[in-house]
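> Dropping the structure in here first, questions after.
The values are calculated or read from the model by the stated rules, or taken from the named source; none is laboratory data. Quantities reported herein were computed from a predicted structural model and do not represent experimental measurements. We place every Cβ from the backbone using ideal geometry, glycine too, and count neighbours over all the protein chains shown.
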Ligand SMILES: Cc1cc2nc3c(=O)[nH]c(=O)nc-3n(C[C@H](O)[C@H](O)[C@H](O)COP(=O)(O)OP(=O)(O)OC[C@H]3O[C@@H](n4cnc5c(N)ncnc54)[C@H](O)[C@@H]3O)c2cc1C
């Protein structure tokens, strides 16, 4: 390709640009926020000050596209996990650790820190340029996208730039659907699950005297008089803890520090209380509300222009508590690479790309929306075979609390290293059944 244009320069856009740099003479990223490498929290990514966990599959993808990424992140100040391992509490009970330990230390950082590293590596590639401006529309030539329109930073008049391929990476509020609709195409059908999630996050100075917490996740599932909540503590760069308290529906944490401290004290394990009561807070409490999980099913479109793909949240954005967003965006970049390496006819719609992306979206959607069907205010849509899958999932979850092997297999799926179908292996099912119904035989289970 002579020129590829990426709309949006966040995680999905940067990863797509990295892939495109192997296939196009020139790659332009059009981004409406400032284009410096280290911009910190920015308006185009309003969720950026909230806790952002990078799943192991996402880290593997970053390493694939930017060899040495984790090492560079550690050198730049991401904490090396020497301070202990992660603890996961489910309804106040500490879950057993997974059997296998990760080979590579996990990266835990704030979102702006991670994004700055991805930007630095992406913009260091000679044929990639970030252009400050607001993407404004597409120009079609017959059945294909021929150009992109954008309004340069500080300007008022749109500029048109011709292109062989456009990537929509404008996030979950992307206006691509409107642009298609207004030009006689069809917008991709959207599926939503209303989750009404409420986040509040605060940073604290990490201090061993206050707590030895390294990473902790505490979740309360609804039922038996319990209210669904989730809290998290992450040790991040610059000797800080980033701490999250989240609720659903009318359970809304506020920006009030006392409210934040009370929630830590009343709803979560001791480490949360210790940090909130005795830790030194840095800055304000930041809140965020996400109304729904949503996906745009491009693969279902009968008519799709050639020269157009979409990646990241503009395709699907999930309940953030499962931490799938950035990893999905990175996996979409690998889908783009596989598509372009298959020597596709670029004058035809990129259906083979969207078919690959669908596998990633289906897997993440299955994990997050299935779990969210437990929430009292969520009433569907229910997948086919819901009751059976529910029964099986409950069995697995129960077993994972005490069995390292099952916990490991479950963790590989929830961290997107394995596809959810991996859990349907007979050996996993049989192990969970034995642990639940024939516990006296569990002594002979392989470790
Ligand atoms: C509260 C919360 C917590 C989260 N926690 C996690 C987590 O723990 N782990 C995880 O992996 N994910 C998490 N996510 C999801 C993660 O934030 C997204 O999945 C990820 O940012 C997707 O990246 P993206 O590049 O697709 O879109 P975005 O990051 O939303 O970026 C879109 C980009 O497009 C630009 N843009 C938009 N319109 C235009 C335009 N017209 N012209 C030019 N530029 C434009 C924006 O400025 C922005 O840079 C969380 C999300 C939320 C809401």
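> If I filter region 363-370 for residues that are in the same structural domain as residue 310 (by TED's automatic domain parsing) and loosely packed, with under 15 Cβ neighbours inside 10 Å, do I get at least one hit?
no
> Which of the strands (runs of 3 or more DSSP E) found entirely inside region 136-207 contain at least 3 residues meeting this: in contact (Cβ under 8 Å) with a residue 12 or more places away in the chain, out of contact with any helix residue (DSSP H, G or I) (no Cβ under 7 Å at 6 or more places or on another chain) and buried (at least 17 other Cβ atoms within 10 Å of the Cβ)?
Working: elements: 144-152, 159-162, 165-168, 190-205.
Those strands (runs of 3 or more DSSP E) span 144-152, 190-205.
> Spot the failing condition for residue 157; the list is (1) modelled with pLDDT of 95 or more; (2) under 24 Å from residue 312 (Cα atoms), and only one is missed.
(2)
For (1) over 30 Å from residue 196 (Cβ atoms); (2) surrounded by fewer than 19 Cβ atoms within 10 Å (Cβ to Cβ), each residue gets a yes or a no:
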position: 372; (1), (2): no, no
position: 381; (1), (2): no, yes
position: 398; (1), (2): no, yes
position: 403; (1), (2): yes, no
position: 409; (1), (2): yes, no
position: 416; (1), (2): no, no
position: 430; (1), (2): yes, yes
position: 436; (1), (2): yes, yes
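> Which of the following residues is modelled with pLDDT under 85, surrounded by fewer than 16 Cβ atoms within 10 Å (Cβ to Cβ) and away from the ligand (no atom under 13 Å from the Cβ): 93, 104? Lay out the reasoning, then the answer.
Values: 93 fails: modelled with pLDDT under 85.
That would be 104, the only listed residue that is modelled with pLDDT under 85, surrounded by fewer than 16 Cβ atoms within 10 Å (Cβ to Cβ) and away from the ligand (no atom under 13 Å from the Cβ).
> Something else: Out of all the residues in region 1-17, which are within 13 Å of the ligand (Cβ to nearest atom) and not in a strand (DSSP E or B)?
8, 9, 10, 11, 12, 13, 14, 15, 16, 17
> Separate question: Considering each of 48, 58, 77, 40 in turn, give the residue that is touching a helix residue (DSSP H, G or I) at 6+ places or on another chain (Cβ under 7 Å), touching a residue at least 60 places away in the same chain (Cβ under 8 Å) and either closer than 21 Å to residue 127 by Cα or assigned to a loop (DSSP other than H, G, I, E, B) (or both).
Among 48, 58, 77, 40, only 40 is touching a helix residue (DSSP H, G or I) at 6+ places or on another chain (Cβ under 7 Å), touching a residue at least 60 places away in the same chain (Cβ under 8 Å) and either closer than 21 Å to residue 127 by Cα or assigned to a loop (DSSP other than H, G, I, E, B) (or both).
> Filter region 44-53 for residues that are within 15 Å of residue 116 (Cα to Cα) and more than 6 Å from the ligand (Cβ to nearest atom) and give the result.
Of everything in region 44-53, those that are within 15 Å of residue 116 (Cα to Cα) and more than 6 Å from the ligand (Cβ to nearest atom) turn out to be 48, 49.
> May I pose another question? Which of the residues spanning region 28-37 are under 19 Å from residue 171 (Cβ atoms) and either more than 6 Å from the ligand (Cβ to nearest atom) or assigned to a loop (DSSP other than H, G, I, E, B) (or both)? Steps first, answer last, please.
Filtering region 28-37 for residues under 19 Å from residue 171 (Cβ atoms) gives 28-35.
Once the filter is applied, which keeps residues that are under 19 Å from residue 171 (Cβ atoms) and either more than 6 Å from the ligand (Cβ to nearest atom) or assigned to a loop (DSSP other than H, G, I, E, B) (or both), region 28-37 yields 28, 29, 32, 33, 34, 35.
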